[in-house]
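One structure is given here, and the rest of the page talks about it.
Read the figures in this text as sums done on the coordinates, not as results from a lab. As the structure is a computational prediction, the values presented were derived from the model and not from experiment. Counting neighbours? That spans all protein chains shown, and the Cβs are built from the backbone with ideal geometry, glycine included.
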């Protein structure tokens, strides 16, 4: 296997290990459920202007930027196709979900008063009625549910950081022998976060959700009515009178200019693997990385052309800082997708949302994989040095492996461009870029 392909697939598997929860013998549950989660990676990263996402408006931050809140919602609203390479299929998650909630047709007899009363009692553990800023009635999380979700957010962040540090140490011959000591110290943070999650009501909330899921199977109409009430509570109109659904990405400072606390990956040629997961091989084939690491033109989904590095380029090093940033859509109830006895009428038959041909929403992004401060070093050949000159000039769109090196900012209302910065040994890209998404596999639905 050519070095270009080995580099790209090593980078994929390093990230995939974190998303899939490869067990570092920590004795803790994965941050993501591998049975329902998949990873899609762009063939070239989406570079973001961090200023577009900082300080978003929220009910607790009314002085925040409404534009940043809208940008955040838009960033994770595109629907990925079912393949291993990130490729939006058109439409948005918020639009499809609205159509489901507002167009659902239920075919079941009404529940008994006893079942309905039991469901209402359980629901009060998680949700309570309140008022929004305009005085409209809304459903909001109870203090218990809110505290449990925040504790889970903290655990996800701590556990993914720990697995990332473990995965990086396994590939570094200097760090690997030290991991028994380093790992024991690093494990304390996710262990504390897991204990805090338990103290915040993890077991009670999990039990309540499980009981509600069972009861909802006999009260589909009520479950969808509650979802409509919740959906209305999170609709926001921005300064351009555009409606969007407020969505959170954690940690809240993910777009900050300060990345001092971000975990780091460092690779050199001796660390590039030669055996890979099935998922990495599928992604590499779909992204055409076997042709070469350099890509030109195109964008996130495809490149106009690819070229291999020169065999005269040696001593390749790759480093970057990274975060896995969970996405929270409090306006969405994903448990609805698994309920029986519902259809969508003229919108489509069974499987039109997921599971059928040309599904409208096969995947939903539930976390972003973000990198920044990417640095590529080597003893470069004359041929590759010329490509670096093109990349740092900013005149064309260039990628190296899964990293964007120059081009236009993604999801930006401006035509601003970014470009790599030349260094003595290669080039660096300080900007934030999204390499891929952990995604929920939407179960086949609707059932009718």
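In nm, to one decimal, how far is the modelled label at residue 395 from the one at residue 305, with both set 7 Å along Cα→Cβ?
Here the answer is 1.5 nm between the modelled labels.
Given a Förster distance of 25 Å, report the FRET efficiency between residue 315 and residue 281 from their Cβ-Cβ distance, rounded to the nearest 0.05. Walk me through the numbers on the way to the answer.
On the way: r = 26 Å, r/R0 = 1.05.
It comes to 0.40.
If you bin every alpha carbon distance in the range 170-249 into 10 Å steps from zero, what whole percent lands in each bin?
Calculated P(r), rounded to whole percents: 13, 19, 24, 21, 16, 7.
In square nanometres, what is one fourth of the surface area of the convex hull spanned by the alpha carbons of the range 198-286?
Averaged projected hull area, Cα only: 13.2 nm².
Can you pull the one-decimal nm distance between simple spin-label points at residue 358 and residue 256, each 7 Å off the Cα toward Cβ?
Going from the residue 358 label point to the residue 256 one covers 4.7 nm.
So what's the angle, to the nearest 10 degrees on a 0 to 90 scale, between helix 278-287 and the longest Cα principal axis of the chain?
In the chain, helix 278-287 runs at an angle near 70 degrees to the longest axis.
Kindly provide the helix-only [θ] at 222 nm of the chain, computed as the sum of -39,500 (n - 2.57) over DSSP H runs of four or more divided by all residues, to the nearest 500 deg cm²/dmol?
Calculated from helices alone, the mean residue ellipticity at 222 nm is -11000 deg cm²/dmol.
What does the C-alpha gyration tensor say about the overall shape of the range 306-425? Classify as rounded when a/c is under 1.5, otherwise prolate if a/b is larger than b/c, or oblate.
Prolate, because a/c is 1.5 or more and a/b exceeds b/c.
Let me know the shape class of the range 120-230, please: from the alpha-carbon gyration tensor, a ≥ b ≥ c as square roots of the eigenvalues, rounded when a/c is under 1.5, otherwise prolate if a/b is greater than b/c, or oblate.
Prolate, since a/c reaches 1.5 and a/b exceeds b/c.
Based on the Kirkwood radius over alpha-carbon pairs, what value in µm²/s does the Stokes-Einstein equation return for the translational diffusion coefficient of the range 17-131 at 4 °C and 1.567 mPa s? Walk me through the numbers on the way to the answer.
Numbers: Rh = 19.1 Å.
Using the Kirkwood radius from Cα pairs, D works out to 68 µm²/s.
Could you let me know the centre-to-centre spacing of the range 140-216 and the range 364-413, using Cα atoms, in angstrom?
Going from one Cα centre to the other spans 32 Å.
Looking at the calculated P(r) for the range 268-335, what percent of the C-alpha pair distances fall above 14 Å?
Working: 1724 of 2278 pairs.
The share of Cα pairs beyond 14 Å in the range 268-335 comes to 76 percent.
Using only the alpha-carbon atoms, how far is helix 202-216 inclined from the longest principal axis of the chain? Give it as 0 to 90 degrees, nearest 10.
With both axes taken from Cα atoms, the answer is about 60 degrees.
Per 10 Å bin, what percent of the C-alpha pairs of the range 245-384 does each bin hold, from zero upward?
In whole percents, the pair-distance histogram is 8, 22, 31, 23, 12, 4, 0.
With 10 angstrom as the radius, rank 266, 382 by how many other C-beta atoms surround their C-beta, starting from the fewest. Don't jump to the answer; show the numbers that get you there.
Details: 266 15, 382 9.
Fewest-to-most ranking of 266, 382: 382, 266.
Report the gain in length on full extension from residue 266 to residue 144: 0.36 nm times residue separation, minus Cα-Cα distance, nm rounded to one decimal.
Details: separation 122, 0.36 × 122 = 43.92 nm, distance 4.05 nm.
Fully extending the segment from residue 266 to residue 144 adds 39.9 nm.
Give me the percent relative contact order of the chain, please, defined on Cα pairs under 8 angstrom at least 6 residues apart.
Relative CO of the chain lands at 26 percent.
Which number comes out as Rg/Rh for the range 3-441 once both Rg and the Kirkwood Rh are worked out on C-alpha atoms?
Result: Rg/Rh = 0.99.
Round to the nearest 10 and give me the degree value, 0 to 90, for the angle of helix 113-126's Cα axis relative to the longest principal axis of the chain.
40
Report the antiparallel proportion of the DSSP beta bridges in the chain as a percent, rounded to a multiple of 5.
Antiparallel bridges: around 95 percent, rounded to the nearest 5.
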